[in-house]
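Right, one structure below, let's go through it.
The values are calculated or read from the model by the stated rules, or taken from the named source; none is laboratory data. Everything numeric in this text was worked out from a predicted model, so none of it was measured. Here Cβ is always computed from backbone atoms with ideal geometry, including for glycine, and neighbour counts include all displayed protein chains. To get the accessible areas, we keep the full protein, side chains included, count just its heavy atoms, and leave off ligands, DNA and RNA. Shrake-Rupley method; radii C 1.70, N 1.55, O 1.52, S 1.80 Å.
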Amino acid sequence: MLFSMKKAFIPVALAATLGTSLPANADVLELALLIDGSGSIGATDFANQISAYTNILSASGFYNSFIDPSPYDEVYLSAWTFSDTASQIVGWTLLDSDSAASSFASILSGASYAGGSTNTQDAIEDAMAAFSLGMQDYKFVIDISTDGVPTSDNSPGDPDDNALAAANAARDAGATINAIGVGGVDQTFLEALVGINPADTPLGFYLEASNFGQDFEDTLVQKFGREITNVPEPASVAFLGLGVLGLGMMRRRQRK
């Protein structure tokens, strides 16, 4: 199911903006979450991965911790899962309140596990097609959570190379790519994916989590702090400190 609360923008044709970064003082952030649902993750860890996102987004205080102190006037969020192909689960949603973030989380919680291969190229290209490219004072960010390198693609050749080519094309169009590698993803691939090595702009970042349990959820909080607030401290740390009790109680209710 696809849900969208995005303002109706008419896409502007790309021209001189290609190959350039958007201004650092962008007024609007569009953040695309690309969530790995391939066979290597398994149904249980896929559910854990989705729960980490929904726990954070539905927690009371999300807006005050991340959106309110953000330098952006508006923050839009969307989400895809990807395996053999990418599928948009939640359309662009303006996060202007805890209620909006919770509604996003509620829809995302219905994401189903697909299994299959890891087509990172398709996920990146789908997100790029959904951005409001050409809009002035916008920042476009793709965030990928994955447990491994690509194993399938949309083009002839090596899946790794085609995924990295899609990432390079995204940066050429002004998008930043960030990632969370879970369980020991090849660092050479992650560095190339986010534009660290080889060096590219806009420069992204990657974080690592050892598993899809609490470590992933804590890492996700840090990621949101860097992407939305632009400063990991104090928002993400405060959210961790104040939200752990609430999230723990939520999990206990779910288990019951």
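Some notes on this structure:
- Conditions (1) modelled with pLDDT under 95; (2) open to solvent by 70 Å² or more (accessible area, probe 1.4 Å); (3) not in a loop (DSSP other than H, G, I, E, B): number failed by ALA238: (2)
- Lone unmet requirement of (1) free of Cβ contacts under 8 Å to residues at least 12 places away in the same chain; (2) in contact with a helix residue (DSSP H, G or I) (Cβ under 6 Å, 6 or more places away or on another chain) for ASP161: (2)
- Among the residues of region 172-192, those identified as within 18 Å of ASP45 (Cβ to Cβ), hydrophobic (A, V, I, L, M, F, W, C) and part of a strand (DSSP E or B) are ALA179, ILE180, VAL182.
- Here ASN197, ASN168, ASN162 are screened, and the one residue that is over 14 Å from the mean Cα position of the chain (by Cα) and in a loop (DSSP other than H, G, I, E, B) is ASN197.
- Region 12-35: number of residues that are at pLDDT 50 or above and in contact with a Gly (Cβ under 8 Å, 6 or more places away or on another chain): 0
- Residues located in region 118-159, provided they are open to solvent by 30 Å² or more (accessible area, probe 1.4 Å) and part of a loop (DSSP other than H, G, I, E, B): MET135, GLN136, ASP137, ASP147, VAL149, THR151, ASP153, ASN154, SER155, PRO156, GLY157, ASP158
- Hits in region 99-115 - residues which are outside any helix (DSSP H, G or I) and crowded, with 16+ Cβ neighbours inside 10 Å: SER109, ALA111, TYR113, ALA114
- If you go through region 155-189 and keep only what is of a type in the set (A, V, I, L, M) and closer than 25 Å to LEU133 by Cβ, you end up with ALA163, LEU164, ALA165, ALA166, ALA167, ALA169, ALA170, ALA173, ALA175, ILE177, ALA179, ILE180.
- Given (1) at pLDDT 95 or above; (2) on the phi > 0 side of the Ramachandran plot, number of the condition GLY134 does not satisfy: (1)
- Condition met for ILE41 (under 20 Å from ALA127 (Cβ atoms) and either in contact (Cβ under 8 Å) with a residue 40 or more places away in the chain or open to solvent by less than 40 Å² (accessible area, probe 1.4 Å) (or both)): yes
- All positions within region 40-91 that are over 17 Å from the mean Cα position of the chain (by Cα), part of a loop (DSSP other than H, G, I, E, B), more than 24 Å from THR146 (Cα to Cα) and among the small types (Gly, Ala, Ser): SER60, GLY61
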